[in-house]
Amino acid sequence: MKLQRMNRRALTLGALAVSGALALTACGSDDNGGSSSSTSSSAANASSANCGAAKKGQQLLADGSSAQKNAIDAWVKAFSQACGVQINYKGGGSGAGVTSFNQGQLAFAGSDSALKPEEVTASKQVCSGGQGIDLPMVGGPIALGYNVPGVDNLVLDAPTLAKIFDSKITKWNDAAIKKLNPSATLPDLKIQAFHRSDESGTTDNFTKYLIATTAANWKYSGGKAWQAKGGQSAAGSAGVAQQVKATSGAIGYFELSYVGDGVKAVSIDTGAAAPVAPSTDSATKDIADAKVVGTGSDLSLKLNYNTKAEGAYPITLVTYEIVCDKGNKAATLPATKAFLTYIASEEGQKVLSTIDYAPIPDAIITKVRSTIASIS
């Protein structure tokens, strides 16, 4: 069962979805009443752009990143209510999403890691005359969620995290943890470190952070599959978060919207003046420093995992929506394009910060919007 946020979050998601749907449907009404004002006219045009040529009752199948699933769920509810399109996003993990996309099973996929060269090559078999491209759409911090009785504020750094997840530090009262938390009462309790059982872009980004910041303590090559020894596993961000919530002494990694309701988040000692907690603001400060490294229509990014900037949280991810630049399936292209247009819009991006995600910085999302308009 998917981990649910507190009632406040559920109410927020519902309100956002309804208000988003109302905004789209209200401006798209065919009933002009007794008014033909310029405001009504411009609103109608906005509705046409949002729903495009999407056909009511059409169904889209998508899969991929579980880290972005809470964002996708909010977007899908608003878009479906407004445009009548049903979108089934499974959230089975980035690896599953990319594989299914390259097998021609999906309208689009979500991944926390950009396509690898061999995955781009495989996509050309599905994208007639084109290839799969990465569109950065969701930003956010990868939180280290923990469940340690009596410890409300916990600070860790990269070397300590590497040793915890590599089974080199096994007790919460270890000297290295005490040094970072001198005022905390740390219990003599076994650490239960949880990682993803499925191939995951969240794993890829978390281990990229460890490789970039403490290579001496993390001797693995990284990637979507977990490589370190020991620990326990669970499927999806929701599965890891659920296990952390249920297990005394547990720690795991997942995006920020899964923190809460019995799970607290670690602050990271980056070498800046003060440890940095995961938040939409602290993640945005790091993502804003990202560089576009993709070529052509591809907008894959290089993140700065080794930042020491004040207030910048270093363990961030950007989730990409993967679609063909050319050669998308004609039957689903209008609905796919309409949905991507909505989630990249100012209105769609505004949803993110209210549910613990970081909107994509303006300079990057502007390029995303132009690219979506050009896909065929």
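Here is how the numbers come out for the structure above:
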read-out: Evaluation of G130 against (1) in contact with a Cys (Cβ under 9 Å, 6 or more places away or on another chain); (2) at pLDDT below 95; (3) not polar (S, T, N, Q) (one fails), failing number; value: (2)
read-out: Residue in segment 263-305 that is most open to solvent (accessible area, probe 1.4 Å), counting only those that are of a type in the set (G, A, S) and out of contact with any strand residue (DSSP E or B) (no Cβ under 8 Å at 6 or more places or on another chain); value: A273
read-out: Unique residue being part of a loop (DSSP other than H, G, I, E, B) and of a type in the set (G, A, S) when the list is A225, A212; value: A225
read-out: Number of positions in segment 117-148 that are under 18 Å from the mean Cα position of the chain (by Cα) and within 24 Å of A373 (Cα to Cα); value: 7
read-out: Top-ranked residue in segment 268-325 [being touching a Pro at 6+ places or on another chain (Cβ under 6 Å) and of a type in the set (G, A, S); ranked as farthest from V155 (Cα to Cα)]; value: A288
read-out: Matching residues in segment 179-197 - criterion: being open to solvent by 30 Å² or more (accessible area, probe 1.4 Å) and outside any helix (DSSP H, G or I); value: P182, S183, A184, T185, P187, D188, L189, K190, Q192, S197
read-out: Every residue from segment 143-173 that is among the aliphatic types (A, V, I, L, M) and not in a loop (DSSP other than H, G, I, E, B); value: A143, L144, V155, L156, A158, L161, A162, I164
read-out: Residue within segment 320-341 that is outside any loop (DSSP other than H, G, I, E, B), in contact with a strand residue (DSSP E or B) (Cβ under 6 Å, 6 or more places away or on another chain) and open to solvent by 50 Å² or more (accessible area, probe 1.4 Å) present; value: no
read-out: A176, sole failed condition from (1) in a helix (DSSP H, G or I); (2) crowded, with 18+ Cβ neighbours inside 10 Å; value: (2)
read-out: Qualifying residue in segment 105-122 (condition: open to solvent by 30 Å² or more (accessible area, probe 1.4 Å), assigned to a loop (DSSP other than H, G, I, E, B) and either β-branched (V, I, T) or closer than 30 Å to N173 by Cα (or both)); value: no
read-out: Residue match in segment 237-258 (condition: part of a loop (DSSP other than H, G, I, E, B) and under 20 Å from S66 (Cβ atoms)); value: yes
read-out: Matching option when the condition is modelled with pLDDT under 95 and surrounded by fewer than 24 Cβ atoms within 10 Å (Cβ to Cβ), among G93, G84; value: G84
read-out: Selection count, segment 356-372, where residues are open to solvent by less than 30 Å² (accessible area, probe 1.4 Å) and closer than 13 Å to D134 by Cα; value: 5
read-out: Residues (under 19 Å from G145 (Cβ atoms), of a type in the set (S, T, N, Q) and free of Cβ contacts under 8 Å to residues at least 24 places away in the same chain) located in segment 155-181; value: T160, T170
read-out: Filtered residues of segment 248-262 (kept if over 30 Å from S370 (Cα atoms) and surrounded by 17 or more Cβ atoms within 10 Å (Cβ to Cβ)); value: G249, A250, I251, G252, Y253, F254, Y258, V259, G260
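The values are calculated or read from the model by the stated rules, or taken from the named source; none is laboratory data. Predicted model, so just to flag it, every value in this text is computed and none were measured. As a convention, Cβ positions derive from the backbone with ideal geometry for all residues, glycine included, and neighbour counts pool all protein chains shown. Note: accessible area is taken over every heavy atom of the protein model, side chains too, but ligands, DNA and RNA are not part of it. Shrake-Rupley method; radii C 1.70, N 1.55, O 1.52, S 1.80 Å.
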